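The values are calculated or read from the model by the stated rules, or taken from the named source; none is laboratory data. Only a predicted model underlies this, so the values are computations on that prediction, with no experimental measurement involved. Glycine gets a Cβ as well: all are built from the backbone with ideal geometry, and neighbour counts include every protein chain shown. Heavy atoms of the whole protein, side chains included, go into the accessibility calculation; ligands, DNA and RNA do not. Shrake-Rupley method; radii C 1.70, N 1.55, O 1.52, S 1.80 Å.
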Amino acid sequence: MENREVALRLQGVKKRYRLGQIGGGTLSADLQSWWARVRGREDPNTLIGTDQRLVGQTFMALNGIDLTVYKGEALGIIGSNGAGKSTMLKLLCRVTAPTEGQIDLYGRVASMLEVGTGFNGEMTGRENVYMNGAILGMTKAEIDAKMENIIEFSEVREFIDTPVKRYSSGMFVKLAFSVAAHLDSEIMIMDEVLAVGDVAFQRKCIDKMRDVAKQEGRTVLYVSHNMSTIRRLCDRCVVMDKGKIIFIGDVEQAIELYLSNTHEQWSENQTEFDLMQTSARSPYVPGNAQITHVTLLDKENSLYRSGEKIRMKLRVHTKTAFEELHLRLELRTRDETPVGTMPDVLLGSCEGNADQDYVVEFAPISLTNGRYRLDMVLFEKDDCGNSFDQELLMPAFYFEVQEPEDIVWNQANWGHIRFPAAKVRRCGGEE
């Protein structure tokens with residue numbers, strides 16, 4: 001890394017925002033706070049027990065960021081909402097200035113912080129391309145040379161001379177990304193923008209970003225909550241938490257740390273799960289039937305071998321009567337990648353205002369080592385076979401598969417299911 005050319009560098013960057021009122025309420029309090037900041041002392045007007053990111057009437061969105069990104073690198077940035085990801089990108093794009101610290105950019109920056117950033121709604125798509133190119137310092141002749149490629153990639157050719165205020169959000173993204181990817185900028189900054197486009201266009205954008213980083217030597221910074229996209233695109237990854245960088249390095253290690261910080265507390269020794277107070281229960285279903293408890297049977301912990309059956313007892317509380325109540329089990333990885341589903345388990349009729357226990361058994365065959373989540377859905381059906389959810393737990397609980405493996409399993413590329421050994425025979429011979 002040390003021999004590579006630097007694309008951008010942040011040193012001791014802080015960003016402070018003022019909360020609520022401007023000022024502390026009195027002139028003397030404002031003077032006290034100001035004098036404390038000048039001397040580098042704690043604000044005497046800060047309440048005891050206040051979060052360390054809150055300083056008096058201010059909030060530290062970024063609290064000492066040191067980061068170096070190299071040319072030709074695709075860097076992922078992940079973290080929970082409010083961690084400071086978007087604030088850092090805004091500083092890099094010069095939307096706002098840092099409170100403290102230094103930011104060095106070695107090249108022109110093309111950014112997409114939100115749908116349509118930098119676009120004028122009254123101007124046509126073509127006019128906006130020229131305007132964005134001019135902002136980057138390009139001549140009209142240079143933009144003309146790239147115009148056809150921009151239009152072709154954006155898939156909005158028939159609307160290119162229409163005012164962009166009439167574009168859908170998806171059309172906005174397509175044109176904005178195409179402009180950012182094709183105009184002459186050394187640094188591309190993207191903030192979760194691909195979530196709006198259709199699946200085929202998302203794939204095309206990821207391939208394009210990989211191409212501009214690997215083939216053209218441009219630098220890509222990408223913020224996303226989609227871990228599969230981070231895996232496909234990025235060489236390194238930054239994890240942010242409470243305005244600070246807590247990890248920078250290998251993508252898989254970064255994702256593991258992020259998921260560990262964001263998921264509900266999990267213990268491998270836990271076999272009983274009280275779901276009455278869980279935050280995993282969806283508030284957007286009627287809840288006339290609810291799973292209140294889950295117990296893993298015949299287990300002293302929630303560790304399983306690959307292919308081992310999972311037997312569990314569910315307690316279901318029904319507020320109203322059901323002629324037929326159904327259960328669906330959805331197995332996912334920790335980053336919410338679907339693995340498999342048991343789509344319809346008939347629980348039968350249920351009385352109103354009653355509790356009923358069920359023993360459910362299923363075998364998630366040939367899972368590779370790792371931690372998994374089991375989501376549970378209770379639903380009923382009408383006479384036409386349409387289903388209506390009553391309970392949605394995402395997740396109901398976690399479990400882990402531990403099995404000695406003869407090879408190092410690459411889950412990012414190979415998936416989470418190991419198929420049985422294939423049978424091979426020579427043509428013309430015996431099996």
When residues of the range 159-169 are limited to those that are open to solvent by 90 Å² or more (accessible area, probe 1.4 Å) and in contact (Cβ under 8 Å) with a residue 12 or more places away in the chain, the one nearest to Ala181 (Cα to Cα):
Asp161
Could you list, in sequence order, all residues of the range 99-136 that are modelled with pLDDT of 90 or more, within 18 Å of Ala7 (Cα to Cα) and among the β-branched types (Val, Ile, Thr)?
Ile103
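What residue, of Val156, Val173, Val212, is at pLDDT 85 or above, surrounded by 18 or more Cβ atoms within 10 Å (Cβ to Cβ) and not aromatic (Phe, Trp, Tyr)? Talk me through it step by step, then tell me what you get.
On the way: Val173 fails: at pLDDT 85 or above; Val212 fails: at pLDDT 85 or above.
Residue meeting the stated conditions: Val156.
Conditions tested, residue by residue: (1) polar (S, T, N, Q); (2) modelled with pLDDT under 85.
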| site | (1), (2) |
| --- | --- |
| Gly49 | no, yes |
| Val55 | no, yes |
| Thr68 | yes, no |
| Ala74 | no, no |
| Ser86 | yes, no |
| Cys93 | no, no |
| Ala97 | no, no |
Listed by first then second residue, the pairs whose first member lies in the range 85-114 and is open to solvent by 40 Å² or more (accessible area, probe 1.4 Å), whose partner is of a type in the set (Asp, Glu), with beta carbons under 6 Å and at least 6 positions apart or on separate chains, are Ser86/Asp191; Arg108/Glu186
Suppose we filter the range 259-288 for residues that are of a type in the set (S, T, N, Q), at pLDDT 90 or above and under 18 Å from Glu400 (Cβ atoms); how many remain?
1
Tell me which of these Thr124 doesn't satisfy, since it passes every other one: (1) surrounded by 22 or more Cβ atoms within 10 Å (Cβ to Cβ); (2) in contact with a strand residue (DSSP E or B) (Cβ under 9 Å, 6 or more places away or on another chain); (3) over 27 Å from Lys85 (Cα atoms); (4) of a type outside the set (Phe, Trp, Tyr).
(1)
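Find the residue count for the range 356-396, including only residues that are among the charged types (D, E, K, R), touching a Lys or Arg at 6+ places or on another chain (Cβ under 6 Å) and within 19 Å of Met276 (Cα to Cα).
Residues of the range 356-396 that are among the charged types (D, E, K, R), as a first pass: 357, 361, 371, 373, 375, 380-383, 389, 391.
Adding the requirement that they be touching a Lys or Arg at 6+ places or on another chain (Cβ under 6 Å) leaves 357, 361, 371, 373.
Checking which are within 19 Å of Met276 (Cα to Cα) leaves us with 357, 373.
Total meeting the criteria: 2.
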Taking the range 268-317, which residues are among the hydrophobic types (A, V, I, L, M, F, W, C), assigned to a strand (DSSP E or B) and within 29 Å of the chain's Cα centre (by Cα)?
Phe273, Ile291, Val294, Leu303
Taking the range 348-394 only, how many residues are in a loop (DSSP other than H, G, I, E, B) and either acidic (Asp, Glu) or over 30 Å from Val408 (Cβ atoms) (or both)?
8
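If I ask for residues that are out of contact with any helix residue (DSSP H, G or I) (no Cβ under 6 Å at 6 or more places or on another chain) and closer than 10 Å to Ala74 by Cβ, which ones from the range 211-221 would you list?
Scanning the range 211-221 gives Val212, Ala213, Lys214, Thr219, Leu221.
Pick out, from the range 216-258, the strands (runs of 3 or more DSSP E) lying fully within it that include 3 or more residues that are at pLDDT 90 or above, touching a strand residue (DSSP E or B) at 6+ places or on another chain (Cβ under 8 Å) and surrounded by fewer than 18 Cβ atoms within 10 Å (Cβ to Cβ). Before you say what the answer is, go through the steps one by one.
Details: elements: 219-223, 236-241, 244-249.
In the range 216-258, the matching strands (runs of 3 or more DSSP E) lie at 244-249.
Quick check on this structure: which one of Val377, Val401, Val345, Val424 is open to solvent by 80 Å² or more (accessible area, probe 1.4 Å) and aliphatic (A, V, I, L, M)? Let's see the steps before the verdict.
On the way: Val377 fails: open to solvent by 80 Å² or more (accessible area, probe 1.4 Å); Val401 fails: open to solvent by 80 Å² or more (accessible area, probe 1.4 Å); Val345 fails: open to solvent by 80 Å² or more (accessible area, probe 1.4 Å).
Selected residue: Val424, the only one of Val377, Val401, Val345, Val424 that is open to solvent by 80 Å² or more (accessible area, probe 1.4 Å) and aliphatic (A, V, I, L, M).
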Among the numbered conditions (1) modelled with pLDDT under 85; (2) assigned to a helix (DSSP H, G or I), tell me where Lys165 comes up short.
(1)
Pairs, first more than 18 Å from Leu67 (Cβ to Cβ) and in contact (Cβ under 8 Å) with a residue 60 or more places away in the chain in the range 216-241, second open to solvent by 40 Å² or more (accessible area, probe 1.4 Å) and aliphatic (A, V, I, L, M), C-beta under 7 Å, six or more apart:
Arg231/Ala412
